[in-house]
Structures are given as structure tokens and as C-alpha cells.
1. Out of (1) part of a helix (DSSP H, G or I); (2) surrounded by fewer than 21 Cβ atoms within 10 Å (Cβ to Cβ), what's the single condition that is false for residue 167?
2. Can you list the helices (runs of 4 or more DSSP H) lying wholly within region 219-335 that have 3 or more residues being more than 16 Å from the ligand (Cβ to nearest atom) and over 30 Å from residue 85 (Cβ atoms)?
3. From the set of residues in region 82-95 that are touching a residue at least 24 places away in the same chain (Cβ under 8 Å) and surrounded by 19 or more Cβ atoms within 10 Å (Cβ to Cβ), which is nearest to the ligand (Cβ to nearest atom)?
4. Testing residue 274 on (1) within 16 Å of the chain's Cα centre (by Cα); (2) surrounded by fewer than 20 Cβ atoms within 10 Å (Cβ to Cβ), one condition comes back false. Which one is that?
5. What residue, among those in region 367-383 that are more than 7 Å from the ligand (Cβ to nearest atom) and part of a loop (DSSP other than H, G, I, E, B), is surrounded by the fewest Cβ atoms within 10 Å (Cβ to Cβ)?
6. Got a number for residues in region 6-23 being crowded, with 19+ Cβ neighbours inside 10 Å and assigned to a loop (DSSP other than H, G, I, E, B)?
7. Might you let me know whether region 385-398 holds any residue that is more than 28 Å from residue 28 (Cβ to Cβ), more than 16 Å from the ligand (Cβ to nearest atom) and in contact with a strand residue (DSSP E or B) (Cβ under 6 Å, 6 or more places away or on another chain)?
8. Out of all the residues in region 141-152, is one or more at pLDDT 95 or above and within 27 Å of residue 316 (Cβ to Cβ)?
Ligand code: HEM
């Protein structure tokens, strides 16, 4: 197992146990290797991966799709050129298959967002506010009289699960199944190894079995909603006419959109809420400041997202030509591992980056949701969930403290996922 790195040669962000020392590693990377080469970790034999940790470099990459194409776009281009039915391609999940018709280029990517997801999880997500509040209150009701709560399983995890289920129109009775499918989707990001999150062959097989179950379950749901539409995202997707194609979506395409919502919309917000409660316990004065003035909640959430990015890094871009970052040459065909969490700690971008400052100027320029044309499409929904959740908790809890039985360990992979948090509290 990894121990806390003290020098660059001890930094390995992907080693078992590395997740306990990521922030110490980022300080070393900023100081000594802001562009860190990982030999032989590219996608093609003989190519390398580069870990980028500077805010300016990552912001440049995500804004320029031509120079730094997203890996999914490269895959989708290959699917389109192969000229078969992408839904029949082995080892291509429904989300990627649906991209071949719904968003094969930047223009349709924008339309996909504006017409299909924005009304539900983007700017239109305010329609979900009452539902989120009801859900948060029900969860709080479940533990407020106990004086103790296991924060992850009793709040941070079920809240985004139930919210996503309600948004989609997923039966709440099958919430465990949603979690099971969600776990199947993110498996490479938890159990995969190296910067490309590679699963061992036997795990790939079992992952695809779960994804097939997910596809079949969702298909049934789509068929039901076509027959009897309700006020939910799946029903909407069965009826909306998608303007670039001038037609309604097929079942497979809807399935692909649902997959994207499930892979993106569950754990991420869970981890944000878990990290934020730790910050509230550990950073003096923040809880009291929020109790006194709720208008500071927005800044707290942005600082929380900056200080503890739920998705720490993703290898989502390639170089389409030779480039240089910080004077380090990066050849064409390299994989770029964008370390959002390190960019959020870049001392050239942030004054005293490790401090939680409620008065930080333009704190939302952190990269936890990325930026540019591919910025997380669910950022609005997640921010709303966090706002509503903390408002409700602050109304009813006078303050949290750690209870016995915490080891503060995180799950492996590339997400910052605290596994368990026993807390005690007094009521307001
Ligand atoms: C704290 C919560 C969240 C974080 C930290 C987060 C972070 C990210 C990041 C870093 C990306 C990659 C963007 C890029 O490659 O440039 C992304 C993409 C994505 N996120 Fe999120 N996300 C969160 C919540 C959500 C939610 C609630 C949803 C769905 C409702 C969602 C759906 C997606 C999808 C579908 C993508 C892929 C891009 C696309 O298909 O358009 N995310 N997210």
C-alpha cells in the first residue's frame, strides 16, 4: 500500500491506497512536475499519458476540442465510419452507441444538451427543487431524533439516488437496482487500474452483464412510458422531437441518455456531500457563519467542490498534434489525464489554495465540473441538490461532530469517495 509521498519519485496517483494522499501528491506535482509523463500509458503501443495539474493547462484543453479531442468523440467517429448499427457493436455501451446519432459532432453535442438534458438536469432543473426538498426532509426525518447518523448511507448516498430516480421516472421501489446499475456503470472508475481505469478481463465481462441487465430494465421502462407517459424525463424523451434529426428518439437512443444520467448523477453528488460535512466539522467557524447568513451557502458549496473534487481526474482527452504544456513537449496521440482536483489547488490560480474562504472571489471557476463545451451537463442539478440539502440540514441540526468508529478511508479509483462517516449532533 502507498504511503504519504515525500518526493516526486514516490508520487503515483494510481497506486493502491494513493487516494489517502492525493493532496500531498498534488503539492509535489505543482512544485516539481506540473506535467507528469507516464511512460507507456497511452492507448496505442509506444504512446504515453500525461497528468496535467495546472489550472491554466486543463482549462485550455477542455476549451479546444480540435486540438484535444475527447476520447468518446474519437470512439464515436470510429463507430460512424464503421457504418454498422452502433447498438450491435460488442463492448460499446448504450451511451456511446447513442452518441453516434444523437451527438456525433460539437454542434449536435450542444443540441443534445439544450434539447434533451438541460430541461431536466441543466438550467431547467429548478423544476426539481420541491421534490429535492421533500426527499431531503424525509431522509433527515429518518435520523434527526437519534442524535447520530451514518452520513454516507443515511443521507449523502440516498439523496442523489432518489433525486435521479424521481427525475428519470425510475420506480422508487427499485432504487436498489438503480444503485446496482450505477455501480456497474462506474466500475472502471473504482476498480480500474492506471490512468486509463483499465478493468481486468473477467471484470469487463461481469460489467457488461450488469450493463445488459440495465439496458433491458430501462427498455421495459421506456416501453411503459411510451404507452402511459408521466411527468418525468423518460416520458419526455419518448415524445420530444430532436430538431437536428427532425424526429423522435428511438428506444436505444433514450436508453443511452438514461445511462449518461445514471453514470454521472449518483456517486458524484454523494461524494460532494460527504466531503462537505467533513469540512464543516474540521474548519473552524464555517458552520456558524452559514447558520448566521445562508447567503454564504453558495460560496461554501463552491469552495467544498474546489477543495475536495468528487471526480479527482479523468483521462478524457487526447492530443491531435504535438503540443507543449509548461515547456514540456507532449507528442500527438498522447492521453491527457486531466487532474481537476489538482488544478483546484494550483497556487498560481488560487491564493492559499488549501484554505476554505467564504469570501473567495469567483470561486466557481474551479474545475470540478470541467469547463467549456463539455462542462458537466448535470452541474445545475448537483448544485441545487447541495443547496437544498444544506439548507434543510442547517435548519434542523445545531452542529455535527465525529462519532466513534470512523477510519476516514476512501474507496479506490479516481473518485474521492469516503466510505463511512459516523456523526453525532445536537438538534437546533
Ligand atoms: C458533484 C457532482 C458532479 C461532478 C463533480 C461532476 C463532474 C463531471 C466531470 C468532471 C465531467 C467531465 C467533463 C469533461 O470531460 O470535460 C462530467 C461529465 C458528465 N456529467 Fe457530471 N458531475 C457531477 C454531477 C452530475 C450529475 C448530477 C449528472 C446528471 C444528472 C452528471 C452527468 C454527467 C454526464 C452525462 C457527463 C458526460 C458529458 C456528457 O455526456 O455530456 N454529472 N461530470
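The values are calculated or read from the model by the stated rules, or taken from the named source; none is laboratory data. Because the structure is predicted, anything quoted here is derived from the model rather than measured. Cβ placement follows ideal geometry from the backbone for every residue including glycine, while neighbour counts extend to all protein chains displayed.
1. (2) is the only condition that residue 167 fails.
2. Helices (runs of 4 or more DSSP H) meeting the threshold: 267-282, 286-292.
3. 95
4. Residue 274 satisfies every listed condition except (2).
5. Among residues in region 367-383 that are more than 7 Å from the ligand (Cβ to nearest atom) and part of a loop (DSSP other than H, G, I, E, B), the one surrounded by the fewest Cβ atoms within 10 Å (Cβ to Cβ) is 371.
6. Residues meeting the conditions: 3.
7. For region 385-398, residues more than 28 Å from residue 28 (Cβ to Cβ), more than 16 Å from the ligand (Cβ to nearest atom) and in contact with a strand residue (DSSP E or B) (Cβ under 6 Å, 6 or more places away or on another chain): present.
8. Going residue by residue through region 141-152, those that are at pLDDT 95 or above are 141-152.
With the extra rule that they be within 27 Å of residue 316 (Cβ to Cβ), the set shrinks to 152.
Checking region 141-152: at least one residue is at pLDDT 95 or above and within 27 Å of residue 316 (Cβ to Cβ).
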